[in-house]
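Structure first, commentary second.
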Amino acid sequence: MRYLKDLLFTDTYLIKGHVHTGGKRLSTFLNAARRRFLEMEEATLIQHSGGKTAQAGKILISIDEILLAYEMEVTGDEVMRQLGDRVRDEMEITAHFGSSFPLELSGKVRKRAIDANALRDHDFIVVMQPVLRGLTSKHSPEYSLLENPAYLIANRKRISYIIPETEGS
């Protein structure tokens, strides 16, 4: 059995498993994906309502269904990770998702990540120091991974609106 390094959050399921990213960071892989479905191996699906679980050796997940993603294991190119850790032009935001339940994500993003005209090909943005609200189902210990992560990867296509936090508010 392989170490399960990836966590995906959809309207219906919390899914953990292993996505072959080719050594790339998960956010980079998701933004570069040209397929409509993401392949995950050794998957465990945990239903939000009721906590029912299912196992699958391999599943295909529609990329459009992903609300949030998280790497439980640090992967990817070390030089790119160090460049990503440098001080950047960030802003605090609160994002509200178009999902079957009211999900709200607050944290810091690069200012250009939410520019309406920039990065059109990048549907997944990294939210640093995230705070997730609206998550009521916690039937499984995997949900605790979403309580205090250093970052979360959010699908911009699933965000209904973003409220930029102004300084001093």
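The values are calculated or read from the model by the stated rules, or taken from the named source; none is laboratory data. The structure displayed is predicted, hence computed values, not measured ones. Neighbour counts are summed over all protein chains in view; Cβ atoms, including those assigned to glycine, are modelled from backbone coordinates with ideal geometry.
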Review point. How many residues does segment 20-40 contain that are outside any loop (DSSP other than H, G, I, E, B), free of Cβ contacts under 8 Å to residues at least 40 places away in the same chain and surrounded by 14 or more Cβ atoms within 10 Å (Cβ to Cβ)?
Key: 4
Exercise for review: Return yes when Tyr161 is at pLDDT 85 or above, aromatic (Phe, Trp, Tyr) and either exposed (fewer than 11 other Cβ atoms within 10 Å of the Cβ) or farther than 18 Å from Leu7 by Cα (or both) and no when it is not.
Suggested key: yes
Review point. Quick one: in segment 1-19, which of the residues that are assigned to a loop (DSSP other than H, G, I, E, B) and touching a helix residue (DSSP H, G or I) at 6+ places or on another chain (Cβ under 9 Å) is nearest to Ser100 (Cα to Cα)?
Key: Asp11
Practice item. Output the residues belonging to segment 102-128 that are farther than 29 Å from Arg34 by Cβ and either at pLDDT below 85 or out of contact with any Pro (no Cβ under 9 Å at 6 or more places or on another chain) (or both). Key: Pro102, Glu104
**Study point:** Filter result for Ala43 (outside any loop (DSSP other than H, G, I, E, B) and exposed (fewer than 15 other Cβ atoms within 10 Å of the Cβ))
**Key:** no
